[in-house]
Amino acid sequence: MTSTALQSPPAAPLVLRRCRDLVAPALAEAIGGLHPWVAEMAGYALGRCEIGGAPATHSQGKGVRQALAVLGAEAAGGSGEAGVPGAVAVELVHTFSLLHDDIMDGDALRRGRPALWKAYGTGPAVLAGDALFALAVETLAAGPATAHAAAAVRHLTTALRDLVRGQADDLLFADRPWTGPEAVGVGEYEAMAEHKTGALLGCALALGAQLAGAPRETAIALDRAGRHLGVAFQIADDLLGIWGDPAITGKPVHGDLRQGKKTLPVLVALNAPGHPALAGLLASPADLDDSGVRKAAALVERAGGRAGALREARRHLAAADALLATASLAPRPAEELRSLLSSLAHRTI
């Protein structure tokens, strides 16, 4: 995305690195308990190894959800270590969801290299995703049987239900028309994004706080903040899916337009006056060759789709920040959270 995207403060790479380093041993231990072949696929999906198990030679990802869980625990007045089980659980769930998303969407690349289903096959990738799903719940449930731990398990399962709901809506959107009474509305889209992306980000923050013994109202505020962040995060992903640099996204430019995905910039543009040319182009997949997708991207931008999506992302970031301000949080980790949340939506960290 260009510099005209979300103008937010620089991310806190040191915070992300600190949290990844804190969580890494527990994450490695959890994966190590899987069947060796499944463990290798899990390691590949997490960026820890290459095909065959050789050590990875590229980035292992930012570890955003890990950091949110650790910072959630610290912001609630606990230690970062208290949030580690939650961090492992949400990282495993996130990776599981990506494995299955890539299969459902037919995406051949993930972080600039073959997606797991391309590297190992569709069946093995489904199996690895199932294993990560089960391992996430087991990791969280295996802790001490306290009231806070029980609440954390319930929170994770609720987030999983919402994630599936959001993914179902996203898949169903593909069969709905671009215009007319059955078209996908902006409100429907944002509800989908909250479930598909926001539920797990909110869960990460809330799990850390719950495992650190935070009051219920604090966990609720953090969950809501993470859900708003998730909508902004998904909008930024939509913008990258149309105008992103493949060196950042690891995917071809204009990929979402080629696939006919119902993304927010396009939906905003279709609600603007003078969109018939765009609607006609989108309704004819055969016209979406290299020239067609460039034309579609230009029409979306001209109709205000890019600017409108950015406004919505900023609105959700402001809502997340307001929720953090109302919660009773420890000052230093709260400030780290604000900086991290602000940086995440424009996806350049």
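What to note about this one:
- Prolate/oblate/rounded call for segment 104-188, Cα gyration tensor, a/c under 1.5 rounded: oblate
- Largest GNM mean-square fluctuation among Gly185, Gly33, Gly255, using the chain with Cα springs under 10 Å: Gly33.
- Charge tally for Leu329 (other residues, Cβ to Cβ under 14 Å; Lys, Arg +1; Asp, Glu -1): -3.
- Only Cα pairs under 8 Å and 6+ residues apart enter the sum, and on that basis the relative contact order of segment 13-344 stands at 18 percent.
- Size of electric dipole in the chain: Cβ of Lys, Arg +1 and of Asp, Glu -1, about Cα centre, debye, nearest 20: 560
- Global geometry of segment 13-344, whether rounded, prolate or oblate, following the gyration tensor of its Cα atoms and the 1.5 cut on a/c: oblate
- Spin-label pair Leu171-Glu29: with each label point 7 Å from Cα along the Cα-Cβ axis, the two points sit 3.6 nm from one another.
- Taking one quarter of the surface of the C-alpha convex hull of segment 178-270 gives a mean projected area of 7.2 nm².
- Cα-centre dipole for segment 1-154 with unit charges at Cβ (Lys and Arg positive, Asp and Glu negative), debye to 20: 340
- Taking packing as the residue-averaged number of other Cβ atoms within 10 angstrom, the listed peptides 67-73, 203-209 run from highest to lowest as 203-209, 67-73.
- For Lys118, a cut-off of 22 angstrom between C-alpha atoms picks up these lysines, skipping any fewer than 8 places away in its own chain: Lys251, Lys261.
- Approximate shape of segment 273-319 as ellipsoid semi-axes (Cα gyration tensor, √5λ), whole Å, largest first: 26, 11, 8
- Comparing Val15, Val23, Val266 in a Gaussian network model of the chain where C-alpha atoms under 10 Å apart are linked, the largest mean-square fluctuation is found at Val15.
- Sum of side-chain charges, Pro55 neighbourhood, beta-carbon under 15 Å (Lys, Arg +1; Asp, Glu -1): 0
- Three-way shape call for segment 71-213 based on the alpha-carbon gyration tensor, with the a/c threshold at 1.5: oblate
- Net charge contributed by nearby residues that have their C-beta within less than 10 Å of Leu207 (K/R +1, D/E -1): 0
- Under a model in which nothing but the beta-carbon of Lys, Arg (+1) and Asp, Glu (-1) is charged, segment 117-186 shows a dipole of about 140 debye around its Cα centre.
- Build a GNM of the chain with springs between Cα atoms under 10 Å apart, and of Gly129, Gly166, Gly292 the one that fluctuates most is Gly292.
- Backbone phi angles across segment 287-302, fed through the Karplus curve with coefficients 6.51, -1.76 and 1.60 (θ = phi - 60°), yield HN-Hα couplings of 7, 8, 7, 4, 5, x, 6, 5, 5, 4, 4, 5, 5, 4, 5, 5 Hz in residue order; Gly and Pro are listed as x.
None of the figures in this text is laboratory data; all of them are computed from the coordinates on show. None of the values given here were measured: they were computed from a predicted structure. Virtual Cβ from ideal backbone geometry, glycine too; neighbours counted across all protein chains shown.
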